[in-house]
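Have a look at the structure below before the remarks.
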């Protein structure tokens, strides 16, 4: 029953924009077995991204969809738009707007991209997806996405975004501190601090990445530990450092 409900909801969302044109696509797709959820997802991707995309746009679409699968936690627009492979001519809003518009039928609305249902993620990782949409095959390349996530995390930690006194603490009242972490530490800093090693060990590291790791450990270790403490993750710091050393 859950699959039928997901199918019906997805069709309704898909038809919301250009009902006549998209209904014609569904009718044509029905000849090939549209009754299956994967077939429906294939029609949606082809309708949204199947024609007219330049290489940079295809790379951006695959990078963002792959990141949505392999990231440890959902990332917001500010993080997704600076992924190493997301380079589309135009403003940041226009770049991510391309993705949001194309995926509107199968994502939740809001500041953070979520797939409506786990079945779409399963579709992206299926052999059916490779057969139907081979130009987006990089979606399934975990190493590719782990590498860009590792680069994103390290670039964030190396940047001035990670600095002394991340909590903006007043030293005169440090014993009675009540910190609003959300206002002092960005989601990307929090994510990068907690998961940089998880992504690093899943990819082939190069000299540039190792240089970034060394810089963080030698120059920003105390700042990183402060973030881990303020976000309630200081207990994980020792294990993260051991894995980084390995």
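Worth pointing out:
- Compared with the direct C-alpha span, the chain from residue 127 to residue 243 gains 38.4 nm at full extension, assuming 0.36 nm per residue.
- Computed from the Cβ-Cβ distance with R0 of 22 Å, the FRET efficiency linking residue 101 to residue 161 stands at 0.15.
- Within segment 217-234: backbone nitrogen closer than 16 Å to the residue 205 label point (7 Å, Cα to C-beta): 217-221
No lab work stands behind these numbers, since they all come straight from the coordinates. Predicted model, so just to flag it, every value in this text is computed and none were measured. Glycine also receives a Cβ, built like all others from the backbone with ideal geometry; neighbour counts cover every protein chain displayed.
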